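The values are calculated or read from the model by the stated rules, or taken from the named source; none is laboratory data. The structure displayed is predicted, hence computed values, not measured ones. Here the Cβ is made from the backbone with ideal geometry for all residues, glycine too, and neighbour counts use every protein chain on show.
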Amino acid sequence: MVLLECVGTLVIMNFLDPVITWLVDLMDVIGAPGAGIAIALENLFPPIPSEAILPLAGFAAAQGRVGLVEAIHWTTAGSVVGALVLYALGALVGAARLRAVVDWLPLMDAGDFDRTLAWFDRHGGKAVLLGRMVPIFRSLISIPAGVARMSLPLFVALTTIGSLIWNTIFVLAGYLLGANWSVVEQYADVFQKIVIVAVLLAVAVFVVRRVRTRRRQTPADT
């Protein structure tokens with residue numbers, strides 16, 4: 001419970017919700033592997049913020065609770081394990097089933113899925129590598145990789161590299177900031193909000209364009 005006591009003030013201030021508190025306790029009990037488990041779960045349940053877990057692992061390293069390299073190693077391993085689970089989910093669903101779902105959605109058609117899959121075939125490597133360093137997409141990018149049946153060794157290699165870069169930055173930040181490690185999460189939260197706004201704007205533009213296209217096509221079809 002030593003590490004949990006170190007962040008007790010933040011818990012009282014509701015900085016960490018009950019799930020994060022449990023993960024903090026896990027790290028305190030089993031050390032760096034606990035951070036790896038926490039990051040694996042973060043991949044599967046995106047509401048769990050890696051931006052809080054990783055700096056906390058760095059803070060634990062600064063306190064001598066775990067080794068710095070050990071923290072980076074285990075969190076990266078956790079990232080890869082979580083990504084593989086989502087990759088397997090995408091492969092299990094498969095392109096045919098997902099294509100049928102897309103074709104069923106309002107304002108969408110099977111052609112949208114085909115074009116997206118073709119794009120992923122061309123740029124999937126860059127998408128997986130860079131996606132590991134973008135909030136929200138960090139987890140989700142593994143699913144289309146599985147749907148497209150990207151080469152598993154390539155997927156693991158790119159996921160490892162991207163995760164290693166992301167994890168190292170945040171673990172080192174927590175290590176260097178020490179007791180002020182929570183500052184990292186605050187800045188990361190701003191970045192995440194920017195990404196969410198960008199996604200919402202992109203969706204809005206798509207919807208407007210698709211509605212206009214459908215309206216232009218309707219008279220011709222009738």
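Considered as a group, the residues in the stretch 62-79 that are surrounded by fewer than 22 Cβ atoms within 10 Å (Cβ to Cβ) and in a helix (DSSP H, G or I) include one that is nearest to the chain's Cα centre (by Cα), and that residue is Ala77. Somewhere in the stretch 41-48, is a residue assigned to a loop (DSSP other than H, G, I, E, B) and closer than 16 Å to Gly131 by Cβ? Within the stretch 41-48 (the criterion being assigned to a loop (DSSP other than H, G, I, E, B) and closer than 16 Å to Gly131 by Cβ), the answer is yes, since at least one residue qualifies.
Among all residue pairs at least 6 apart or on different chains, which show Cβ distances below 9 Å where the first residue, located in the stretch 121-148, is under 19 Å from Leu98 (Cα atoms) and the second is in a helix (DSSP H, G or I) and of a type in the set (Asp, Glu)? Hits for this filter: Ser139/Glu42; Ala148/Asp121. Is it true that Leu86 is surrounded by 14 or more Cβ atoms within 10 Å (Cβ to Cβ), at pLDDT 80 or above and out of contact with any Pro (no Cβ under 9 Å at 6 or more places or on another chain)? Criteria met by Leu86. Reported count of residues in the stretch 132-145, each being crowded, with 23+ Cβ neighbours inside 10 Å and within 25 Å of Asp114 (Cβ to Cβ), is 3.
All conditions but one from (1) crowded, with 20+ Cβ neighbours inside 10 Å; (2) in contact (Cβ under 8 Å) with a residue 60 or more places away in the chain apply to Thr160; the one that does not is (1).
When the stretch 50-107 is filtered for residues that are within 22 Å of Arg132 (Cα to Cα) and of a type in the set (D, E, K, R), the ones remaining, listed by number, are Glu51, Glu70.
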